[in-house]
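Worksheet: the structure to be examined is printed underneath.
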Amino acid sequence: MSVMPRVTASGGTGVAGFSLVEVVVALAILSLVMLATITGLRTLANTQVSLERMTERVDEVRSVSSFLRDTLESAAVGSGGEGGLTLGGKNRESAYFELTPDALTWKSTLLVGESFGGSYLLRLAREDDLLVLRWQEPDVSGQPGDWSLAQERTLADDVQAFEISWRRDYRDAWHSDWQPGDVAAWVRIELKAADRYWPELIMQVPH
């Protein structure tokens, strides 16, 4: 700290320093600068966490949507049949499609692991606050067994709303009621999880 001589009241010279007011003002300014810096760093950290969560959410939505679209668009479905079976005649055992407002069951090729897979019955449904995909091999008649014993994977948690609807043609209105023998050309899935709505997932069903 530099000092400079000053004239005292007695006519002599002394050393000039900072007054108490100047020190207090300097400390106050320094405190404000440090507070602004800490606040800025905290905001930056919160923004980074929010971006990471958003990125994870977007990746989750993209992965789930892509998987469901691929498996449903390769589904084995048809028309007619009973109890969810939608293909009659000799191909009856090769197809399955059933829809309710809160569950969708279909038959498709599923790859399990890196080198093993086959034809499975898949069921997408809301179970409590989870969106769960279950799969199992069909029995000899093509019907599913006990779904509670099937292999499963949770696709989304904290699910608050989950609705499935269908229509025969892209010009028709969406329906939530389904009867064996109905032919669904399009399926729509609406999902709300963690207080956020997912983009509507609309998939074409092959025939």
Give the long-range amide H neighbours of Arg168: residues separated by 5 or more places, or on another chain, with amide H under 5 Å away, using H modelled in the peptide plane at 1.01 Å from N.
Ala185
Peptide ranges 38-48, 143-153 listed from the most packed, as the mean C-beta count within 10 angstrom indicates
143-153, 38-48
What does the charge count near Asp169 come to, summing +1 for each Lys or Arg and -1 for each Asp or Glu among other residues with Cβ under 14 Å from its Cβ?
+2
Using θ = phi - 60° and the Karplus curve 6.51 cos²θ - 1.76 cosθ + 1.60, what whole-Hz ³J(HN,Hα) does each residue of the range 169-185 get, with Gly and Pro shown as x?
9, 5, 8, 7, 7, 7, 10, 10, 8, 9, 10, x, x, 5, 10, 9, 8
One finds the C-alpha centres of the range 151-207 and the range 127-147 to be spaced, in Å, by 17
Order these by the 10 Å Cβ neighbour count, fewest first: Arg69, Arg126.
Arg69, Arg126
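Throughout, read-outs are computed from the coordinates displayed, never taken from laboratory work. These numbers come from a predicted model, not from an experiment. Heads up, the Cβs are rebuilt from the backbone with ideal geometry, glycines too, and the neighbour counts pull from every protein chain shown.
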